1. Rank-order 391-404, 71-84 by packing density, defined as the average count of other C-beta atoms within 10 Å over each peptide's residues, highest first.
2. With a cut-off of at most 15 other beta carbons within 10 Å, and DSSP calling the residue loop, which chymotrypsin sites (Phe, Trp or Tyr not before Pro) in segment 87-176 qualify? Please list them.
Amino acid sequence: MVVEAATAQLSAPVRLTWNLADCAFICFLFLIFVTLEPFATRDALTLAGGESGFSGAGDALRQAAYLGSFLFVAFAAARQNGFRALLCVPPLLAALLAWCALSATWSAAPDVVFRRAVLEIVIVVSAMMGVATVGTERSLALLRFVLGTVLIINWLSIPLVHNAIHLPGETDPGLVGDWRGLYFHKNIAGSVSAITAILFFFQALKSRPLLNGAFCLGAIGFTMMTVSKSSIGLLPVAIGAGTLYAWIWRRGIDRAIAFVVLLLMALAVGIVLATHQHAILHALNDPTELTGRTAIWIGEIGFIRDHPLLGAGFGSFADTGAASLLHAYVADKWVQNISHGHNAYLQMLVTIGEPGFALAMLVFVLAPACALWRFDPAQAGMKGVLAAIFVFMVLHNFLESDFLEGDDPAWVSFLLMLAMLRDLDRTRLWRGRATRSPR
């Protein structure tokens, strides 16, 4: 009976009405993707808190909003699933969150680390519990609704809202004129718009191609206008990877061919890197390359070399103003305004050390890759969109820092993808048990 209900939930058409669990989940999504301060002014005071507009000190409204959203989601989950709602977070992810909180004990800024760890825990549990309660297909439908709404607001804001575009007076003159919509920075707007395009692209393949295709094209257009190079470059790669996944994973022989192709591609990339190593090393050694990212990376590598085991403490390396440990490794004054290290993998090594990084790689890369690799033709179409988001985020984090970034919309999108893969795996196991059980 449980299996039949779960299978029906995956195949049923999207409901037009919302129940309590839907309302709780959609409130959480709007809180993440609309933010508490849409169209925030980027003045000297807010920029002093970093590119995110948040200094790390916290505020009562922010804490109350996320706590209230968490309690709403938890109440709906407990009402529907009882004590099973507590099993929504995978053990390895729970261990990673515990390590992040524990890092406050050795951090130079324990109060910042603790507050950010608590916020991270609240957001992770809210996202995982929300998906586990409403199911994968319904979660995708509600996510499309929210992101479609955000996309419309972003387009309307360009002619109507003064702050929807980066204005003269930015600390980085290169930002002036780039679109940011309701978000604080054009890179946030770019990643959200790219993820929106992915969702509507795959939905257009299933139903209402004109309507969903129009939203996809609108999201691609807004991504282009943000001039967020990382998102623009990775969007076609992600859509291509997801499309190939949905097509190939319907037959076992195709999956075997895909494995060989991936190995050949990895070999080709290795050859390219080896033959161009001098140009790559020159770019990495020049602090002015990649819009200043290399200066940050050099500082991060220096810190990792000095503190390989424990790191600086979760969320304490950057976006902490004058207290940032990055000052000791990067001489430029602008470093106090950065909110992240523009490479999530380096940043995790810096903040949570080698044990935390190892856990993160298991949770964020290996576990979802294994879930996507499992052969299940019945879920190939559904997993195609999740594969696209996975590829986009894993590659995006080489140039940006989304993993473990609190209420960052791109990070929450990745969390939702992890939760959906977990939900689909549970459905697959239930379906398998039902097939093996005697009638």
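Any read-out appearing in this document is the output of simple, stated calculations on the displayed coordinates, not a laboratory observation. Bear in mind that the values here come from a model prediction, so they are computed numbers and not experimental data. A quick note on method: Cβ atoms are made from the backbone with ideal geometry, for glycine too, and the neighbour counts reach across all protein chains shown.
1. Details: 391-404: 23.3, 71-84: 16.4.
Averaged packing, sorted descending, gives the order 391-404, 71-84.
2. Values: sites: Trp99, Trp106, Phe114, Phe145, Trp155; in loops: Trp106.
Here the chymotrypsin sites (Phe, Trp or Tyr not before Pro) that fit, given the DSSP loop and packing criteria, are Trp106.
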